[in-house]
Amino acid sequence: MRNSVLIVDDEKGIRESLSDVLSDEGFTVKTASTGEECLRLADQEAFSCILLDIWLGDGISGLDTLERLRENGNDAAVIMISGHGNIESAVKATKLGAFDFIEKPPGLDHTVITVKNAIRQRELERANAMLQRKVAEEYEMIGESVALRALRKQIAIVAPSDGRVLISGESGTGKELVARAIHANSLRSALPFVEINSAAIPEELVESELFGHTKGAFSGATTAKKGKFELADGATLFFDEIGDMSPRVQAKILRVLEEKRFERVGSNTSIKVDVRIISATNKPLDQLVENGEFRKDLFYRLNVIPFQVPPLRERLEDIPLLVDHFNRKFSAENARQPKEFTSGAIERLQDHWWPGNVRELKNTIERVAIMTQKKVIEPEDLPDLSEFGPPPSASFRFPNFKAALDAYQREFILHKLAEHDGNVTKAAEAMGVDRSHLYRRMRNLGIQSK
């Protein structure tokens, strides 16, 4: 219960005085004289705060009671009461999650303030944990296909390092999900994931967004502002659509990567930063380099660890899991019961070639969850997917011969690996190639061995 307090002390006078003052402040109060009684009451009711004496009389001590509360999964805010505490007791209680200490005899006004602060702090912690769970769910990578399992394995290997990562893939494949997963599993995960969309910011504002500006640096700069690099110091900076960055900004980014410092717009003072760079693109950067549209030196600095996110058509076996995930998500958001997709409906979804990839599938399921009144979804209940036309033939689906050849080889290798449960030696034998050659080709295509 919100604003409920349990007072645990072997001195009746303290229990009564604290109970009276907290009741007057609007709290619902219960009392206990032993640790055992505290544990029993805590199992029966969810208290917002527990005032717990370190040295109880007979039975278990306050510290042992706190330890058992935590072992039982009780996350109430705990304030320790001590008449003769010591540093060792304070350290142990803090490690067990005690919010604060108050000394005997407790000052009543101070106790009320401490209880209010403890409850407020715990509510903030719970709200933050809930928000983190929602964010984790929002950016969860759904699927168990060979391609996605290989991608997860690559993330697990790369994430703990500080190596720069370049994520390539078509629009809607989930490149940001990969970037966030790398950050979440890195040593920088406690610090922010800072992102910037290179294509969404006007050219004249890009430098200010990246490097910040001083007050009066340009018309409208009424206050100083930190840029993305400064905000990401010690953390991760994600450049989305890096291929759309102008040559002028590319040169400035290159300098920051080389020197690990920059100046705000309107300032000559250098600011040193420690930033991990993750970039993403839906364009073939190597071709942009050949065409002179992207700096070769910047490309090599960004492309230290390449990632290739497969399109949805290359992992159709993940569609049932994705449908279930989006179905539950959008049904919950719109206060509706989840739909039931028949096998025929799933097969029809798997027959589509999904040019918009997972994003297109997500939008399709959201439309069904909101607009369709039926509980059971049949193939005819799905939106018309033919508006995008039939899938283009393999020879016309790609911008050039190399891209088409890479896509075919990637699909073929993944299929053979799946046939042999990820065993590269057996897959190489079945394909009639040397194992070392297959390993090299897998590395070039961004395929991780099992």
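Note on the range 420-435: residues that are in a loop (DSSP other than H, G, I, E, B) and exposed (fewer than 13 other Cβ atoms within 10 Å of the Cβ) total 3. Just the residues that are on the phi > 0 side of the Ramachandran plot and not polar (S, T, N, Q), please, taken from the range 308-359. Matches in the range 308-359: Ala335, Trp354. Only one of the listed residues (Ile14, Ile7) is closer than 17 Å to Asn117 by Cα and either out of contact with any His (no Cβ under 7 Å at 6 or more places or on another chain) or surrounded by fewer than 22 Cβ atoms within 10 Å (Cβ to Cβ) (or both). That residue is Ile7. As for the range 406-413, it holds at least one residue that is modelled with pLDDT of 85 or more and either over 29 Å from Val165 (Cβ atoms) or buried (at least 17 other Cβ atoms within 10 Å of the Cβ) (or both).
Consider the range 175-195 and keep the residues that are in a helix (DSSP H, G or I) and basic (Lys, Arg). The one that is surrounded by the most Cβ atoms within 10 Å (Cβ to Cβ) is Lys175. Restricting attention to the range 47-71, the residues being touching an Asp or Glu at 6+ places or on another chain (Cβ under 7 Å), at pLDDT 90 or above and either surrounded by fewer than 24 Cβ atoms within 10 Å (Cβ to Cβ) or of a type in the set (A, V, I, L, M, F, W, C) (or both) number 1.
Applying the condition of being under 20 Å from Leu18 (Cα atoms) and touching an Asp or Glu at 6+ places or on another chain (Cβ under 9 Å) to the range 85-107 and asking which residue is surrounded by the fewest Cβ atoms within 10 Å (Cβ to Cβ) yields Lys104. Give the residue that is surrounded by the most Cβ atoms within 10 Å (Cβ to Cβ), with candidates limited to residues of the range 227-250 that are among the charged types (D, E, K, R), under 21 Å from the mean Cα position of the chain (by Cα) and under 24 Å from Pro284 (Cα atoms). The extreme case among them is Asp240. Kindly indicate which of Gly163, Gly216, Gly220, Gly227 is in contact with an Asp or Glu (Cβ under 8 Å, 6 or more places away or on another chain), over 24 Å from Ile142 (Cα atoms) and not hydrophobic (A, V, I, L, M, F, W, C). Answer to the check: Gly227.
Among the residues of the range 436-445, the ones that are in a helix (DSSP H, G or I) and either in contact (Cβ under 8 Å) with a residue 60 or more places away in the chain or loosely packed, with under 14 Cβ neighbours inside 10 Å (or both) come to 5 in all. Taking the range 291-378 as the region of interest, the helices (runs of 4 or more DSSP H) fully inside it that hold 1 or more residues being without any contact (Cβ under 8 Å) to a residue 24 or more places away in the chain, in contact with a Phe, Trp or Tyr (Cβ under 9 Å, 6 or more places away or on another chain) and more than 30 Å from Arg276 (Cβ to Cβ) are 319-333, 357-371. Kindly evaluate Phe262 against the criterion of being at pLDDT 95 or above, outside the structural domain of Asn357 (by TED's automatic domain parsing) and either surrounded by 21 or more Cβ atoms within 10 Å (Cβ to Cβ) or assigned to a strand (DSSP E or B) (or both). When the stated conditions are applied, Phe262 does not pass them.
Here is a list: Val112, Val78. Which entry is closer than 24 Å to Leu22 by Cβ, outside any helix (DSSP H, G or I) and modelled with pLDDT of 90 or more?
So the residue among Val112, Val78 that is closer than 24 Å to Leu22 by Cβ, outside any helix (DSSP H, G or I) and modelled with pLDDT of 90 or more is Val78.
For the range 117-129, a tally of residues being touching a residue at least 24 places away in the same chain (Cβ under 8 Å) and surrounded by 15 or more Cβ atoms within 10 Å (Cβ to Cβ) returns 3.
Scanning the range 9-54 for residues that are in contact with a Gly (Cβ under 7 Å, 6 or more places away or on another chain), closer than 20 Å to Ile102 by Cβ and not in a loop (DSSP other than H, G, I, E, B) turns up Gly35, Leu52, Asp53. Evaluating Ile253 against the criteria (1) closer than 18 Å to Tyr300 by Cα; (2) under 17 Å from the mean Cα position of the chain (by Cα) leaves one unmet condition, (2). For the range 276-290, a residue qualifies if it is out of contact with any Gly (no Cβ under 8 Å at 6 or more places or on another chain), part of a helix (DSSP H, G or I) and surrounded by 17 or more Cβ atoms within 10 Å (Cβ to Cβ), and exactly one does: Val289. Looking only at residues in the range 314-356 that are surrounded by fewer than 18 Cβ atoms within 10 Å (Cβ to Cβ) and of a type in the set (S, T, N, Q), the one that is nearest to the chain's Cα centre (by Cα) is Asn334. Cβ-Cβ contacts under 7 Å between residues 6 or more apart (or on different chains), taken from a first residue in the range 12-32 that is more than 16 Å from Met80 (Cα to Cα) to a second residue that is loosely packed, with under 13 Cβ neighbours inside 10 Å, are listed as Thr28/Met1; Val29/Ser23. Apart from one condition, Leu349 fits all of (1) in contact with a strand residue (DSSP E or B) (Cβ under 7 Å, 6 or more places away or on another chain); (2) under 26 Å from Glu170 (Cα atoms); (3) hydrophobic (A, V, I, L, M, F, W, C); the exception is (1). Among the criteria (1) among the acidic types (Asp, Glu); (2) in contact with an Asp or Glu (Cβ under 7 Å, 6 or more places away or on another chain); (3) part of a helix (DSSP H, G or I), the one Asp233 does not fulfil is (3).
The values are calculated or read from the model by the stated rules, or taken from the named source; none is laboratory data. As the structure is a prediction and not an experimental result, all values here were calculated from the model. Cβ: placed from backbone, ideal geometry, glycine included. Neighbour counts: every protein chain shown.
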